[in-house]
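To start, the structure under review is shown below, and the notes come after it.
The values are calculated or read from the model by the stated rules, or taken from the named source; none is laboratory data. Computed from a prediction, not measured in an experiment: that's the story for all the values here. Glycine gets a Cβ as well: all are built from the backbone with ideal geometry, and neighbour counts include every protein chain shown.
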Amino acid sequence: MMFMDTIAAIATPLQEGAISIIRVSGDDAVEIVNKICSRDLMKVNSHQVVYGYIMEDDTYVDEVLISVFKAPKSFTMEDIVEINCHGGIYITKKILSLVLAAGARLAEKGNSQNVPS
């Protein structure tokens, strides 16, 4: 079942570490992350990784690598954007909050009972 909204979540353990990943999935994933990125993600081909910065207004928040996967050639068959940022609790939560403020909603806990066995 596919949903019409765009969701975001931290895809790595929320702890001190070298790298964290924030995953954004849904119809507006590319547009939402594009709002906070120094690069124009609208021109990025599917399955491409680009280097850039996450921005808050005119301030650099973090130096990142962004992976773009366009529907239907993704795991969820939706557009997916993965932001690979520096690890750590503060910067990971900060980038997630910027993604949510740009239009995504926080992903809810999955229901393993709906997974076929």
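Consider Ile91 carefully, then state whether it is of a type outside the set (D, E, K, R) and outside any helix (DSSP H, G or I). Before you say what the answer is, go through the steps one by one.
Working: of a type outside the set (D, E, K, R): yes; outside any helix (DSSP H, G or I): no.
So Ile91 fails the test.
Conditions first: (1) surrounded by 15 or more Cβ atoms within 10 Å (Cβ to Cβ); (2) in a loop (DSSP other than H, G, I, E, B). Gly17 passes all but one, so which condition is the exception?
If we test Gly17 against (1) surrounded by 15 or more Cβ atoms within 10 Å (Cβ to Cβ); (2) in a loop (DSSP other than H, G, I, E, B), just (1) comes out false.
Filter segment 102-117 down to the residues that are modelled with pLDDT of 95 or more and either charged (D, E, K, R) or at positive phi (or both) and list them by number.
Gly103, Arg105
Right, Val33: touching a strand residue (DSSP E or B) at 6+ places or on another chain (Cβ under 8 Å), of a type in the set (Val, Ile, Thr) and either in a strand (DSSP E or B) or at pLDDT below 95 (or both) or not? I'd like the intermediate steps shown before the answer.
Details: touching a strand residue (DSSP E or B) at 6+ places or on another chain (Cβ under 8 Å): yes; of a type in the set (Val, Ile, Thr): yes; either in a strand (DSSP E or B) or at pLDDT below 95 (or both): no.
No.
Go through Val99, Val50, Val81 for me and flag whichever is modelled with pLDDT of 95 or more and more than 17 Å from Ala9 (Cβ to Cβ). Give the steps one after another, and end with the answer.
On the way: Val99 fails: more than 17 Å from Ala9 (Cβ to Cβ); Val81 fails: more than 17 Å from Ala9 (Cβ to Cβ).
Of the residues listed, the single one that is modelled with pLDDT of 95 or more and more than 17 Å from Ala9 (Cβ to Cβ) is Val50.
Going through segment 36-51 one residue at a time, which ones are surrounded by fewer than 18 Cβ atoms within 10 Å (Cβ to Cβ) and either assigned to a loop (DSSP other than H, G, I, E, B) or touching a Cys at 6+ places or on another chain (Cβ under 6 Å) (or both)? Lay out the reasoning, then the answer.
Restricting attention to segment 36-51, the residues satisfying the condition of being surrounded by fewer than 18 Cβ atoms within 10 Å (Cβ to Cβ) are 38-40, 42-43, 45-51.
Result: Ser38, Arg39, Asp40, Asn45, Ser46, His47.
Out of segment 61-95, which residues are touching a Leu at 6+ places or on another chain (Cβ under 9 Å) and touching a residue at least 40 places away in the same chain (Cβ under 8 Å)? First the steps, then the outcome.
Step one: of segment 61-95, the residues touching a Leu at 6+ places or on another chain (Cβ under 9 Å) are 61, 66, 68, 81-85, 89, 92-93.
Within segment 61-95, Val81, Glu82, Ile83, Asn84, Cys85, Ile89, Thr92, Lys93 meet the criteria.
When only residues in segment 52-71 that are assigned to a strand (DSSP E or B) and acidic (Asp, Glu) count, which is surrounded by the most Cβ atoms within 10 Å (Cβ to Cβ)?
Residues of segment 52-71 that are assigned to a strand (DSSP E or B), as a first pass: 52-56, 59-69.
Those still in the list that are acidic (Asp, Glu) too: 56, 62-63.
Working: Glu56: 14, Asp62: 20, Glu63: 12.
For segment 52-71, the residue satisfying everything is Asp62.
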